Structures are given as C-alpha cells and as structure tokens.
Amino acid sequence: CAKNFALDLLAHGGVYIAGGIAINNPELFKSSVFINEFENNEKLKDILSSIPIYIITDASIALYGAAKFCLQNLK
C-alpha cells in the first residue's frame, strides 16, 4: 500500500507513516523486509529507492493539524 501510494503521488518529498502500528512497531518499517518490498518493482525501483520513508511516532499529530486548521479558519 505504501509503495502504491508513493507511486500514485510521486511522493519525492517522502512517505509519512503514522498511527498505532507505526507508533508501536517503528522497527517494522525500518526492517529490510519492508524496505525490500517497498522497492520491489522492476521498472520503478530507482524512483522508489529515492523516496524517503518517515515514521511519525507522535500520537497527537492529528491534533496539531486540526488545531492549525481551526486557528486559520475560525477567526
């Protein structure tokens, strides 16, 4: 899913993975198994290997976005 998302958006700035699974298992997304599967595409391997993967371990990250939206739009 992360690979398809990255290719659909050409996410050269990176793929940010957040949520409970990422918070509780950050080593899963840094493992060679995940990286190898993420880059597993014969034609687009060069593009996928250039896309950084970031793990967000802050459980409150969604609240920051909501707060920023409110500050900008509820004046």
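The values are calculated or read from the model by the stated rules, or taken from the named source; none is laboratory data. These numbers were taken from a predicted model, which means no experiment stands behind them. Heads up, the Cβs are rebuilt from the backbone with ideal geometry, glycines too, and the neighbour counts pull from every protein chain shown. These area figures cover heavy atoms from the full protein model, side chains too; ligands, DNA and RNA do not enter into them. Shrake-Rupley method; radii C 1.70, N 1.55, O 1.52, S 1.80 Å.
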* Structure fact -> For helices (runs of 4 or more DSSP H) lying entirely in the chain, having 2 or more residues that are of a type in the set (S, T, Y) picks out 45-50
* Asked: Within the set of pairs 6+ apart or on separate chains, which have a first residue in the range 57-75 that is in contact (Cβ under 8 Å) with a residue 24 or more places away in the chain, a second that is open to solvent by less than 80 Å² (accessible area, probe 1.4 Å), and C-beta atoms under 7 Å apart?
  -> T57/A22; T57/I23; T57/P26; A59/I23; I61/A18
* **Among the residues listed as I35, I47, the single one being of a type in the set (V, I, T) and surrounded by 15 or more Cβ atoms within 10 Å (Cβ to Cβ)** => I47
* Structure fact -> From the option list I47, I53, I17, I23, single residue qualifying as touching a Ser or Thr at 6+ places or on another chain (Cβ under 9 Å) and of a type in the set (A, V, I, L, M) is I23
* To do: Could you tell me whether any residue of the range 19-29 is exposed (fewer than 11 other Cβ atoms within 10 Å of the Cβ), of a type outside the set (D, E) and touching a helix residue (DSSP H, G or I) at 6+ places or on another chain (Cβ under 8 Å)?
  => no
* Considering only the range 55-75, state which residues are open to solvent by 90 Å² or more (accessible area, probe 1.4 Å) and within 19 Å of G13 (Cβ to Cβ). => Y64, K68
